[in-house]
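Written out below as structure tokens is the structure these notes cover.
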Amino acid sequence: MNWGMKNRLSRIINPRTGRCVMLAVDHGYFQGPTTGLQNLGKMVNPLLPYADALMITRGALRSWIPPTADRPIVLRVSGGQSILKELSNEIITTSIEDAIRINASAITCSVYIGGEYEKQTIDNLARLVDQGEAYGIPVLAVTAVGKEMVRDARYLGLACRICVEVGAHMVKTYYCKDFPEVVEACGNIPVLIAGGKKIEEKAALEMACSATKDGASGVDMGRNIFQSDNPLGMIKAVKAIVHENATLAEALDIYRTPHEGSRILQ
């Protein structure tokens, strides 16, 4: 791994803890103006100081995030169909040259193992890895789960291992029972857990606690932060879990503590 690749990864995965809190706000590429992100800048910019990295599309980045922001960007470069169609039918939507112009610290795409267009999404990942290796830009593979897929260790281990074998430098997947088996399947590749759909705050924080204890290198959480009734408290609580090994009780105290600007316009 070359110096540039290592440097970009060290901006995303905190070298002190070996973990990461990634704020995912790329949902608009298939969901449109999803709840909490109608005014993306108003929601996201106050949260940025507490995130290690921001996962976002190029259009949203240019429209709502000031270029003075000092968080590393994990650039979503795949897409193709909306929630009204078959999501696995993805293409690469952003060139590596534009990712370089944006100064992205990593690029990311979804891989639909078991989906209708599985082969196409694996090909997308393979091409991104080749381009990333050429320019020293790491690739995050997102193990997207279709409606018919069971989120268990056997399936997620399969999906993650395929992404690792193709060459992904990081993997994002779901937390599940026997999660250490999924982590083991990825070798030394960092595994981040997805927050998934909005759930009750205590349950989301408990998931973050369990995942980090079971070997996750952090979280890539979106809706469970920006759709929370206290987004600022929620991201501070997640950060405490990931980087300071805070207990669930400690994290809940942080989430429930009033924070200046905590009621962000949604």
Given the options 177, 198, name the one that is under 19 Å from the mean Cα position of the chain (by Cα), charged (D, E, K, R) and in a loop (DSSP other than H, G, I, E, B). 198
Note down all Cβ pairs under 6 Å where the first residue falls in the range 208-224 and is more than 16 Å from residue 237 (Cα to Cα), the second is of a type in the set (Phe, Trp, Tyr), and they're at least six residues apart or on different chains. 214/179
When every residue in the range 201-256 that is farther than 23 Å from residue 36 by Cα and polar (S, T, N, Q) is compared, the one farthest from the chain's Cα centre (by Cα) is 247
Leading residue by the ranking (surrounded by the most Cβ atoms within 10 Å (Cβ to Cβ)) among those in the range 230-266 that are at pLDDT 95 or above and assigned to a loop (DSSP other than H, G, I, E, B): 246
Among (1) in a loop (DSSP other than H, G, I, E, B); (2) of a type in the set (A, V, I, L, M, F, W, C); (3) farther than 20 Å from residue 220 by Cβ, where does residue 145 come up short? (3)
Hey, any hits in the range 204-223 for a residue that's assigned to a loop (DSSP other than H, G, I, E, B), modelled with pLDDT of 95 or more, more than 22 Å from residue 8 (Cα to Cα) and not acidic (Asp, Glu)? no
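The values are calculated or read from the model by the stated rules, or taken from the named source; none is laboratory data. Model, not experiment: these values are computed from the prediction. Here the Cβ is made from the backbone with ideal geometry for all residues, glycine too, and neighbour counts use every protein chain on show.
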